[in-house]
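Below: the structure, in structure tokens.
The values are calculated or read from the model by the stated rules, or taken from the named source; none is laboratory data. Not measured: the values here are computed from a predicted model. Please note: Cβ atoms are built from the backbone with ideal geometry, for glycine as well, and neighbour counts cover all protein chains shown.
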Amino acid sequence: MKTLLEILNLSVEHLQKKGVDEPRLSSELIITHVLNIKRLDIYLQFERVLSDEEISKIRTLLKRRSELEPIQYILGETEFYGLKFSVDKSVLIPRSDTEILVQTAVEYIGDKPLNVFEIGTGSGCIAVSLAKKCKNINITACDISDQALRIAASNAKLNGVADRIKFINLDILKKVPDEKFDVILSNPPYISKIVIESLDKQVKDFEPLEALTDGGDGLSFYRRIKEIIPEILKQGGSVFLEIGYDQAETIKSIYEKSLKDIKILRDYSGNNRVFSGKLV
């Protein structure tokens, strides 16, 4: 039988040997998940003796992490914009940079009773976070993955906003919704096919490729959104899009004849991250 301290130390050592980033954090998160305790409790219960079943469960999850599977998929959840979200391999893991997109939209919408359309909802983190902050909006969020839509719907229910978000299966590259909206927002697949192979193994080998890349130059969704703006955006409506750090000028050129008041906002690292513009 081994104590909690012994298991923690062995776990950290194992992940270090496998080259896993932040091996102690991953070990702590796996242990707290299996034992259903808080991270602080690990250090308050050092002498706790673990059962064979507990140790077996920890080892199973450690093996997955040692193979570089993202910790969010292993735990089945993550945090975004201060909220909890369920995730699995059918959806992109929410990133903190995307919180800039949400915050920008929140500041624009405020308490206004607007209809919002999100393209490529994935886990639903953008739509759910926006609905949580802006109490008077209604959101239609689309995706081409039925599994992603199921995850998104469960996250809307988990965070108490399911009554104001409608999730639909729609391939925006081929079809458009049959109504117009006040706001369009999206974090589309914007990584080019050329760049995808250079990504970290944890990203390219585990996260859904269709949520990362358009299989081309990374601009397909921006061109398509520009093309359908007259059909889906009301006059005076606004567009908010996440963009790649090196795409600002290119995307400006795509929209400069369609939108006014174009702005580019930076993320926490100082990289260009959010594009916004208005149809006037």
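Table: residues versus (1) under 30 Å from Val280 (Cβ atoms); (2) in contact with a Gly (Cβ under 6 Å, 6 or more places away or on another chain); (3) surrounded by fewer than 18 Cβ atoms within 10 Å (Cβ to Cβ).
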| residue | (1), (2), (3) |
| --- | --- |
| Leu114 | yes, no, no |
| Ile119 | yes, no, no |
| Ser129 | yes, no, no |
| Lys135 | yes, no, yes |
| Arg150 | no, no, yes |
| Ser154 | no, no, yes |
| Leu158 | no, no, yes |
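Would segment 34-56 turn up any residue that is on the phi > 0 side of the Ramachandran plot and not assigned by TED's automatic domain parsing to the domain that holds Leu241?
yes
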Q. Is it fair to say Ala211 is in a helix (DSSP H, G or I), among the small types (Gly, Ala, Ser) and either assigned by TED's automatic domain parsing to the domain that holds Thr98 or crowded, with 19+ Cβ neighbours inside 10 Å (or both)?
A. yes
Is it fair to say Asp97 is over 30 Å from Lys18 (Cα atoms) and out of contact with any helix residue (DSSP H, G or I) (no Cβ under 9 Å at 6 or more places or on another chain)?
no
Within segment 120-128, is even one residue among the hydrophobic types (A, V, I, L, M, F, W, C), in the same structural domain as Gly244 (by TED's automatic domain parsing) and over 18 Å from the mean Cα position of the chain (by Cα)? no
(message) Would you confirm whether or not segment 176-190 contains a residue that is touching a strand residue (DSSP E or B) at 6+ places or on another chain (Cβ under 7 Å) and assigned to a helix (DSSP H, G or I)?
(response) no
Subset of segment 214-245, residues of a type in the set (A, V, I, L, M, F, W, C) and outside any loop (DSSP other than H, G, I, E, B), comes to Phe221, Ile225, Ile228, Ile229, Ile232, Leu233, Val239, Phe240, Leu241
Scanning segment 54-90 for residues that are closer than 30 Å to Leu101 by Cα and surrounded by fewer than 15 Cβ atoms within 10 Å (Cβ to Cβ) gives Gly76, Glu79, Gly82, Lys84, Lys89
task: For Thr60, state whether it is outside any strand (DSSP E or B) and more than 30 Å from Gln235 (Cα to Cα).
output: yes
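Within 28 Å of Gly120 (Cβ to Cβ), hydroxyl-bearing (Ser, Thr, Tyr) and either assigned by TED's automatic domain parsing to the domain that holds Leu212 or outside any loop (DSSP other than H, G, I, E, B) (or both): is that true of Tyr73 in this structure?
Yes: the conditions hold for Tyr73.
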If we keep only residues of segment 251-276 that are among the acidic types (Asp, Glu) and free of Cβ contacts under 8 Å to residues at least 40 places away in the same chain, then the residue nearest to Pro189 (Cα to Cα) is Glu256
Note: among Leu35, Leu5, Leu40, just one is aliphatic (A, V, I, L, M), surrounded by fewer than 16 Cβ atoms within 10 Å (Cβ to Cβ), over 28 Å from Pro208 (Cβ atoms) and under 31 Å from the mean Cα position of the chain (by Cα), namely Leu40
Being under 17 Å from Gly120 (Cβ atoms), of a type in the set (Asp, Glu) and at pLDDT 95 or above narrows Glu207, Glu231, Glu249 down to just Glu207
Of the residues in segment 137-148 that are out of contact with any helix residue (DSSP H, G or I) (no Cβ under 7 Å at 6 or more places or on another chain) and among the β-branched types (Val, Ile, Thr), the one that is surrounded by the most Cβ atoms within 10 Å (Cβ to Cβ) is Thr140
| query | Within segment 229-249, is even one residue closer than 23 Å to Val91 by Cβ and out of contact with any strand residue (DSSP E or B) (no Cβ under 8 Å at 6 or more places or on another chain)? | reply | no
